[in-house]
Amino acid sequence: MKKNATLGQLIGALRQRNGWTLKQMSDKVGIPLSTLAKVEGDKLSLSYDKLERFTARLGLSMAEFLAQGQGQGPSAGTAPDGPPIITGRRSLTSDSNAVRIHTGSYDYEYLCTDLRQKRMVPILTHVLAHSLAEFGDLVRHQGEEFIYVIQGTIEVHLEFYAPVTLRQGQGIYIDSMMGHAYVAKDCERALVLGVCSSDDSNLQGDLIQQAEESAERPVP
């Protein structure tokens, strides 16, 4: 998109990128269809408060929404004829800004969940299972991940490698498409910080959905 895009152009581009009709977007953001059509046609504008509610209902920050108008180059966050785009995104960890899921093998705490469409997903995880038999099938998902042990000791099981033991202060970087599992070793539970990454901007949603599905499965 060219620079200095109008509000209507930004909304139109966002709607088309998501494959929504005007009616579908109207339902999502709570703005009457006729009003939204006028805004997209640049015949009407939105107050700052209304625009803030508009972006929030779509799971975007104002900076993320406005960054669409800064140009999309060959790689995300780079304008084709200019310097890298600074979106000003930031997120603090807090109890209200985390999603917690218990699967039996892990207690996940997904951090900074207010930021959507991010390509790095930070996760605090309490490792609960003590053996691969207790853990069950290896898990796999898109992207790569780095795991760093904060407390305790873990044993890392990988599809193509022999198990490796990691103690406090040690970490491992892996291809997440490879089957993997982390189990606590010589301790009741271990605490690790993981950072998952992927080119897919919906990585956070996919990981949370996978964890929720795992939580719903009966314990072996």
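Just so you know, all these numbers are worked out from the coordinates, no wet-lab data involved. Keep in mind it's a predicted model, so treat the numbers as computed, not measured. In this analysis, Cβ positions are derived from the backbone assuming ideal geometry, glycine residues included, and neighbour counts consider all displayed protein chains.
Please report 148, 161 as a ranked list, fewest other C-beta atoms within 10 angstrom at the top and most at the bottom. Write down the numbers at each step before the final one.
Details: 148 16, 161 11.
The order, fewest Cβ neighbours first, is 161, 148.
Using 1/(1 + (r/R0)^6) with R0 = 35 angstrom and r between the beta carbons of residue 162 and residue 201, what's the FRET efficiency to the nearest 0.05? Walk me through the numbers before you get to the answer.
Working: r = 35 Å, r/R0 = 0.99.
Efficiency for this residue pair is about 0.50.
From the square roots a ≥ b ≥ c of the eigenvalues of the alpha-carbon gyration tensor of segment 7-70, which class results: rounded (a/c under 1.5), prolate (a/b over b/c), or oblate?
Numbers: a/c = 1.24, a/b = 1.18, b/c = 1.05.
Cα axes put segment 7-70 in the rounded bin.
Across segment 123-128, in residue order, what do the Karplus-derived ³J(HN,Hα) couplings come to in whole Hz, using 6.51 cos²θ - 1.76 cosθ + 1.60 with θ = phi - 60° and x for Gly and Pro?
9, 8, 10, 8, 8, 10
To the nearest 0.05, what FRET efficiency results for residue 174 and residue 22 with a Förster distance of 35 Å applied to their C-beta separation? Walk me through the numbers before you get to the answer.
Working: r = 44 Å, r/R0 = 1.25.
E between residue 174 and residue 22, to the nearest 0.05, is 0.20.
Which angle between 0 and 90 degrees, to the nearest 10, do you get for helix 7-17 versus the longest principal axis of the chain when only C-alpha atoms count?
Approximately 50 degrees, to the nearest 10.
Ranking request for peptides 28-36, 53-61: highest mean number of other beta-carbon atoms within 10 Å first, then the rest in descending order. Mind showing how you got there, number by number?
On the way: 28-36: 14.7, 53-61: 16.8.
The densest-packed peptide leads the list: 53-61, 28-36.
Given the DSSP H assignment, sum -39500 (n - 2.57) over each helix run of at least 4 residues in the chain and divide by its residue total; what's the result at 222 nm in deg cm²/dmol, nearest 500?
Details: 7 runs with 61 residues, N = 220.
Dividing the helical sum by the residues of the chain leaves -7500 deg cm²/dmol.
What is the local net charge at residue 31, summed over the other residues whose Cβ is closer than 13 Å to its Cβ (Lys, Arg +1; Asp, Glu -1)?
Details: positive: 15, 23, 28, 38, 50, 53, 57; negative: 27, 40, 49, 52.
Spelling it out: positives minus negatives among the neighbours equals +3.
Candidates (i) 1.04; (ii) 1.24; (iii) 1.57; which is the computed Cα Rg over 2.2 N^0.38 Å?
Entry (ii).
How long is the gain from residue 150 to residue 33 if the chain were fully straight, where each residue apart is worth 0.36 nm and the alpha carbon distance is subtracted?
Numbers: separation 117, 0.36 × 117 = 42.12 nm, distance 5.07 nm.
Gain on extension, residue 150 to residue 33, equals 37.1 nm.
Stretched out fully, how many nm does the piece from residue 193 to residue 142 gain, at 0.36 nm a residue minus the Cα gap? Provide the component values of the computation, followed by the final result.
Working: separation 51, 0.36 × 51 = 18.36 nm, distance 1.82 nm.
Residue separation times 0.36 nm, minus the Cα-Cα distance, leaves 16.5 nm.
Could you work out how much longer the chain between residue 93 and residue 44 gets when fully extended? Use 0.36 nm per residue separation minus the Cα distance between them, nm to one decimal.
13.9 nm
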